[in-house]
Amino acid sequence: MKIQHLILTVIAAAAFVVTGCNKNGSVAVDTSKLTTVFQSAQADAKTAADSVVAAVKKADYSGALTQLKALSDKYKLTPEQKQVVSDVLAQVQKALTDATSKVTGDAGKAVTDLGATLKK
């Protein structure tokens with residue numbers, strides 16, 4: 001009986017953690033300037049910027065970071081484009097840090113709840 005409770009609790013905790021990973025964090029990443037600045041850029045650079053925007057909308061912050069770094073390294077950007085990429089990069093890093101902290105906190109709570117359940 002205790003094993004069934006343990007298994008159900010672990011499954012529920014995992015579901016909460018996975019669900020928490022998909023929620024948008026408290027930090028909003030503003031990609032409007034990125035879209036605007038890359039409107040008239042080279043086709044490849046514009047496509048790369050669009051990929052960053054899509055990753056941010058899906059809350060794929062690690063993917064967005066990788067794409068932003070590639071965008072700044074691979075293409076010859078204007079000073080304005082460099083500044084916007086840098087600003088969005090900082091926002092994405094903050095969002096990623098906040099999301100990681102939230103997941104860590106949720107996982108800690110799940111472990112605590114699991115321990116309390118097992119003691120019963």
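Observations on the model:
- As a rough guide to protection, the peptides 35-44, 62-71 ranked by mean Cβ packing within 10 Å, highest first, stand as 62-71, 35-44.
- Local charge for residue 92 was computed over the other residues whose Cβ lies under 14 Å away, with Lys and Arg +1 and Asp and Glu -1, and equals +1.
Bear in mind that the values in this text are calculations on the coordinates, not laboratory data. Quantities reported herein were computed from a predicted structural model and do not represent experimental measurements. Please note: Cβ atoms are built from the backbone with ideal geometry, for glycine as well, and neighbour counts cover all protein chains shown.
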